[in-house]
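Report on the following structure.
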Amino acid sequence: MGKKIFRIGFGLFFLVTVFFLGFEIGMARYVKPAYEPKIYITDFWNHRIVRMDDMHGVNFIALGNKGGARGQFFSPRGIAIDSKGRIYIADSDNNRIVRMNDMFGNGWVTFGHKGSGIGEFLTPKGIAVDAQDRIYIADWGNNRIVRIDNMNGDGWVSFGVKGSGIGQFSGPFGIAVK
């Protein structure tokens, strides 16, 4: 009889433990993030970038119109955000990369101009930023991928030529880094 009580007691202890621990471990809980994510869009035909808080358009804000001056874009394509929250745009038809601190254009900096050499782009379409805030650009017209360390163009490295083989591209468009 003592063994039977031990088995029942142990079994009950085991079931209660599994139930409570399993319940806690398996329970999904919403944890509010330390920051509220935003949605960033390049609005190609309107030559602007847009930011909103959610898919309902809450706090919709836009910056830009057609042109090549500060606060203007000409067919923006790619967009990325760095670890400091700065916004990077592949400003395609201005053949440049734009970085700004916020959606008001504060801290506006550009890099690049039309061409195929160092510091030059031909319709850049994609942009990404890695964990070290290095900038990667899909340089569509030059059929290459470019990486720079900062908006001064330091550490310029490019990879690719026109073609379909290894190390060759034919209009690279999007880019992502992990």
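Observations on the structure shown:
- From phi via Karplus (6.51, -1.76, 1.60), per-residue ³J(HN,Hα) for segment 140-154 in Hz, x at Gly/Pro: 3, x, 9, 6, 8, 10, 10, 10, 10, 7, 6, 7, 8, x, 4
- Pairwise FRET efficiency - Asn152 versus Asp53, Cβ, R0 = 35 Å, nearest 0.05: 0.60
- Only protein atoms count toward the accessible area here, which uses a 1.4 Å probe; on segment 117-170, the carbon and sulfur part of that area reaches 52 percent.
- Amide H contacts under 5 Å for Asp43, placed H, 5+ residues apart: Arg48, Ile49, Val50
- Counting only Cβ charges, +1 for Lys and Arg and -1 for Asp and Glu, the dipole size of segment 44-178 around its Cα centre is about 260 debye.
- Cα centre as origin, Lys/Arg/Asp/Glu Cβ charges: segment 99-178 dipole, Debye: 280
- Rounded to whole Hz, the Karplus (6.51, -1.76, 1.60) HN-Hα couplings of segment 116-127, x for glycine and proline: 10, x, 5, x, 10, 9, 10, 6, x, 10, x, 8
- Vicinal HN-Hα couplings computed from phi for segment 76-89 (Karplus, 6.51 cos²θ - 1.76 cosθ + 1.60; Hz; Gly/Pro x): x, 10, x, 8, 8, 10, 8, 5, 9, x, 6, 9, 10, 10
- Amide H contacts under 5 Å for Asn95, placed H, 5+ residues apart: Thr123
- Across the cross-link table entries Lys66/Lys162; Lys114/Lys178; Lys38/Lys66; Lys84/Lys125; Lys84/Lys178, which are compared at the Cα atoms, the separations over 19 Å belong to Lys66/Lys162; Lys114/Lys178; Lys38/Lys66; Lys84/Lys125.
- The residues of segment 121-178 have, on average, 51 Å² of accessible surface per residue, using a 1.4 Å probe with all protein chains present.
- Dipole of segment 57-115, positive end: most advanced residue of Gly57, Phe111, Ile81 [Cβ charges, Cα centre]: Phe111
- For Gly115, the residues whose amide H sits under 5 Å from its own are Phe121, Leu122, ignoring neighbours fewer than 5 places away on the same chain, with H placed 1.01 Å from N.
- At an R0 of 35 angstrom, the distance between the Cβ atoms of Ile166 and Ile81 translates into a FRET efficiency of 0.65.
- Peptide packing: for 109-120, 134-145, 72-83, the average count of neighbouring Cβ atoms within 10 Å per residue gives the ranking 134-145, 72-83, 109-120, highest mean first.
The values are calculated or read from the model by the stated rules, or taken from the named source; none is laboratory data. Nothing here was measured: the structure is a model prediction, and the numbers come from that model. All Cβ positions, even for glycine, are placed from backbone atoms using ideal geometry, and neighbour counts span all protein chains on display. Only protein heavy atoms, including side chains, enter the accessible area calculation; ligands, DNA and RNA are left aside. Shrake-Rupley method; radii C 1.70, N 1.55, O 1.52, S 1.80 Å.
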